[in-house]
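Before any comments, here is the structure.
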Amino acid sequence: MGNITPTDLLDKKSPKLTSEDIEKNASQSGQILSLLVAAGARGCTNEQLWGICHAVNSRMGDLREQGYTIRSKRERGRIWKYWLEPAPAETKPPTFEERHRREEAERFPLFAAVAS
């Protein structure tokens, strides 16, 4: 990881990561993401991901910071399974009528069943 000393690791305000470190981490995260996508619901264990890097938890954290939803489950001992949660389907915004019905139901809850 470049020229990082133990003191640098304790300095949370300004970690001294080189551009090479950042590029390497991004590359590892990208490779892990590719494997998770390919594995689908089966997921990947940390044993399988160690072929890319041994800092699996850190790379999972990087991916989560990028907005990916990654689930994990302990398999046995120190073995964990990770899988990528599918992105929610795009939803269309409610129509005027749907919004109006919902607003009316909130204002007049006793009549909500009759209006539907």
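The values are calculated or read from the model by the stated rules, or taken from the named source; none is laboratory data. What you see is a predicted model, and the numbers here were worked out from it, not measured in a lab. Positions of Cβ are generated from backbone atoms using ideal geometry, with glycine treated the same way; all protein chains shown enter the neighbour counts.
Residues in the stretch 19-64 that are out of contact with any Gly (no Cβ under 8 Å at 6 or more places or on another chain) and among the charged types (D, E, K, R): Glu23, Lys24, Arg42, Glu47, Arg59, Asp62, Arg64. The set of residues in the stretch 48-62 being assigned to a helix (DSSP H, G or I) and out of contact with any strand residue (DSSP E or B) (no Cβ under 6 Å at 6 or more places or on another chain) consists of Gln48, Leu49, Val56, Asn57, Ser58, Arg59, Gly61, Asp62. Filtered by the rule that a residue be in contact with a Lys or Arg (Cβ under 6 Å, 6 or more places away or on another chain) and outside any strand (DSSP E or B), the stretch 64-105 gives a lone residue, Glu85. Taking the stretch 60-106 as the range and being among the basic types (Lys, Arg) and under 30 Å from Ile32 (Cβ atoms) as the test, the residues that pass are Arg64, Arg71, Lys73, Arg74, Arg76, Arg78, Lys81. Only residues that are touching a residue at least 24 places away in the same chain (Cβ under 8 Å), out of contact with any Lys or Arg (no Cβ under 9 Å at 6 or more places or on another chain) and not acidic (Asp, Glu) were counted in the stretch 34-63, giving 11. Which numbered condition in (1) outside any helix (DSSP H, G or I); (2) among the acidic types (Asp, Glu); (3) at pLDDT below 80 is the only one that Glu20 fails? In the conditions (1) outside any helix (DSSP H, G or I); (2) among the acidic types (Asp, Glu); (3) at pLDDT below 80, Glu20 misses (1) alone.
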